[in-house]
1. I'd like to check something: does the stretch 405-414 contain any residue that is over 27 Å from the mean Cα position of the chain (by Cα) and loosely packed, with under 14 Cβ neighbours inside 10 Å?
2. What number of residues within the stretch 104-145 satisfy the criterion of being within 16 Å of the ligand (Cβ to nearest atom), under 20 Å from residue 208 (Cβ atoms) and either in a loop (DSSP other than H, G, I, E, B) or in contact (Cβ under 8 Å) with a residue 60 or more places away in the chain (or both)?
3. Report the residue count in the stretch 296-323 for those that are within 11 Å of the ligand (Cβ to nearest atom) and crowded, with 18+ Cβ neighbours inside 10 Å.
4. Between a first residue in the stretch 248-262 that is under 19 Å from residue 30 (Cα atoms) and a second residue that is more than 8 Å from the ligand (Cβ to nearest atom) and part of a helix (DSSP H, G or I), which pairs have beta carbons less than 6 Å apart while being 6 or more apart in sequence or on different chains?
5. For the stretch 35-72: of the residues being assigned to a strand (DSSP E or B) and surrounded by 17 or more Cβ atoms within 10 Å (Cβ to Cβ), which is nearest to the ligand (Cβ to nearest atom)?
6. Output the qualifying pairs, or none if there are none: Cβ atoms under 6 angstrom, residues six or more apart or on different chains, first residue in the stretch 272-301 and free of Cβ contacts under 8 Å to residues at least 24 places away in the same chain, second residue near the ligand (Cβ under 9 Å from one of its atoms) and not in a loop (DSSP other than H, G, I, E, B).
7. With the requirement that a residue be in a loop (DSSP other than H, G, I, E, B), within 16 Å of the ligand (Cβ to nearest atom) and over 15 Å from residue 178 (Cα atoms), what does the stretch 232-254 give you?
8. Inside the stretch 357-378, can you point out the residues that are exposed (fewer than 14 other Cβ atoms within 10 Å of the Cβ), touching a helix residue (DSSP H, G or I) at 6+ places or on another chain (Cβ under 9 Å) and more than 25 Å from residue 481 (Cβ to Cβ)?
Ligand code: MSP
C-alpha cells in the first residue's frame with residue numbers, strides 16, 4: 001500500500017489579490033506535493049481562502065459589496081493565480097462553503113462538551129489586520145509588529161478556551177518530536193512562548209457578525225482564527241468522510257513566520273481538547289522584503305505573481321521564487337535580479353546544457369546511441385547529487401536541493417569541455433559513444449530532479465528526448481528541431 005502524505009497551505013484572507021508572499025507557501029507546497037507523488041506516495045494537498053471575520057467585513061464594506069459577493073470575487077483571483085503558477089492542489093477550501101461550516105460546527109460542539117470553554121470579558125487590544133489579540137508587550141512603538149498599524153481597543157464578552165491546561169503536553173510533544181517544528185529557530189520561539197506563559201485565548205467574538213454563529217451561545221460568532229485552523233480538517237470532509245480517516249493527521253503544514261503561534265500552540269491545543277491526532281510537522285518559512293522594504297500597498301512595491309508569469313512564464317517564475325534564499329530564513333527580493341538570474345541559471349545554465357547535449361547527439365549520431373557503460377566520474381557525481389538532493393527534499397529544503405542540481409549541471413558542463421565530443425567526432429574516436437551516453441544519462445537525471453520545480457519544461461524535454469531517440473528530430477533539409485527551453489531575455 002502507498003504511504004499517504006497530507007500537506008496544507010495557509011488559507012489567505014480574501015481581501016485582495018495574492019502577492020508573491022502568498023504565492024510562496026502555496027508554490028512551495030506544490031513542489032513538495034509533486035515530489036511526494038514522484039516518490040509514489042498518496043498525496044492530498046489543500047489550498048483555500050479565509051473568508052470570514054472583521055477584516056473581510058471591513059474590506060467588503062469599503063468596496064461597497066456585501067461580504068459574500070466580495071469574497072466570491074477575491075477567491076476567483078486566487079484560483080486564477082494558482083492556475084497560472086500551475087499549482088495542482090486537490091481541494092480549494094473556502095470557509096464560507098457548506099462543507100466547511102458543517103465541519104466547524106461539529107468541532108465546536110465537541111469542544112463545547114469538553115468543559116474547556118468558559119465565558120469572560122475581553123478587554124484589550126486587537127489587530128484587525130492579523131485578526132489577533134495583542135498584549136501591550138507585543139507592540140512595537142504602540143503598533144502591531146506585523147502590520148505596523150495601531151491596534152483597536154476592544155471590550156466585549158467572549159468565550160475563552162483553556163489553553164493553559166494543554167501547554168505542558170504541547171511542550172512535551174514538541175520536545176519529543178511528536179510535533180516537529182522546522183526550522184529550529186521557530187521551534188525555540190514556540191518553546192520560549194510556552195516557557196514565558198501565555199493566557200487562555202478567546203474563541204468567540206461578540207461584535208463581529210460576518211462569521212459562523214457560535215452553537216448553543218446566542219450573540220457570539222466563532223473567532224475567525226479558530227474556524228480558519230479547522231479548515232485543515234474540513235478540507236478532508238471532517239468528521240465523517242473517509243478521506244478524513246485516510247489522510248488525517250497532516251504530515252505537513254506549511255506556514256509563514258507570523259502565524260506560527262496559531263499553528264504550533266493554539267491548533268495543537270484545540271485538537272488535544274477534542275482528542276484528535278496532532279499534525280506531524282509544521283514548516284515555517286520566513287518573510288520577504290522587496291529591496292529591503294516590507295511589501296505593502298502604501299509603498300507600492302507589491303509584486304503580483306501574474307506579472308512574473310507573463311514575463312518569465314510559469315516554470316521560470318516557480319524557479320525564481322524558490323531559488324532566491326532558503327525558505328526557513330527571511331529574505332530580500334530584488335525584482336531587477338530576476339532577469340539576470342533567469343538568464344544565468346535557466347537560459348545559460350540548464351537550457352544551454354540540454355541543448356548542447358541533444359544537439360551533439362542528433363548531429364553526430366542522428367539521435368541513436370550505442371548501449372555502453374557510463375563514465376565513472378559522472379556516476380560518482382550523480383550518486384553524490386542524488387544523496388544530497390533527496391536528503392534536502394525529504395527535509396523540505398528546496399533551495400538546497402536546487403543548489404545540488406545546479407552543482408551537477410556545472411559538473412556536466414565541465415565534462416563536455418574536458419571530453420570535447422566535437423574533437424572525438426572529427427577524429428572518429430569510438431570514445432564518443434560513452435561520452436554522449438553519459439551526457440544523456442546525466443541530462444535525464446537533471447530532468448527527473450527538476451520535475452517538481454519546473455514541471456512543464458521538464459515535460460517538453462522528455463517529449464523531445466523521446467523523439468530524439470527515434471531519430472525524428474533531424475528534418476529532411478538537414479536542419480534540427482531546436483530545444484530552446486528558456487529563451488534568453490533582455491536584462492534590465
Ligand atoms: N488567514 C490567515 C491564515 C489562516 S491559516 C489557517 C492569514 N492570512 S494572510 O492572508 O494574512 O496570509 C497568510 C500567509 O501569507 C502567512 O503564512 C504569511 O506568512 C504569508 N505572507 C504574507 N506576506 C508575506 C511576505 N511578505 N513574505 C512571505 N510570506 C508572507 O494570516
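What follows is calculated from the coordinates using simple rules that are stated; it is not laboratory data. Just so we're clear, the structure is a prediction, and the values are computed from it rather than from any experiment. We place every Cβ from the backbone using ideal geometry, glycine too, and count neighbours over all the protein chains shown.
1. In the first step, residues of the stretch 405-414 are kept if they are over 27 Å from the mean Cα position of the chain (by Cα); the result is 410-414.
If we keep only those that are loosely packed, with under 14 Cβ neighbours inside 10 Å too, we end up with 410, 414.
Within the stretch 405-414 (the criterion being over 27 Å from the mean Cα position of the chain (by Cα) and loosely packed, with under 14 Cβ neighbours inside 10 Å), the answer is yes, since at least one residue qualifies.
2. 10
3. Step one: filter the stretch 296-323 for residues within 11 Å of the ligand (Cβ to nearest atom), giving 296, 301-303, 321.
Now restrict to residues that are crowded, with 18+ Cβ neighbours inside 10 Å: 303, 321.
Count: 2.
4. The qualifying pairs are 254/28; 254/29.
5. Step one: of the stretch 35-72, the residues assigned to a strand (DSSP E or B) are 42-50.
Still in the running and surrounded by 17 or more Cβ atoms within 10 Å (Cβ to Cβ): 43-50.
On the way: 43: 20, 44: 16, 45: 15, 46: 10, 47: 11, 48: 8, 49: 8, 50: 3 Å.
In this case the residue turns out to be 50.
6. Sorted first by the residue in the stretch 272-301, then by its partner, the pairs are 301/290.
7. Our first condition is that a residue be in a loop (DSSP other than H, G, I, E, B); within the stretch 232-254, this holds for 235-241, 248-251.
From what's left, within 16 Å of the ligand (Cβ to nearest atom): 235-236, 238, 248-250.
Across the stretch 232-254, the qualifying residues are 235, 236, 238.
8. Matches in the stretch 357-378: 373, 377.
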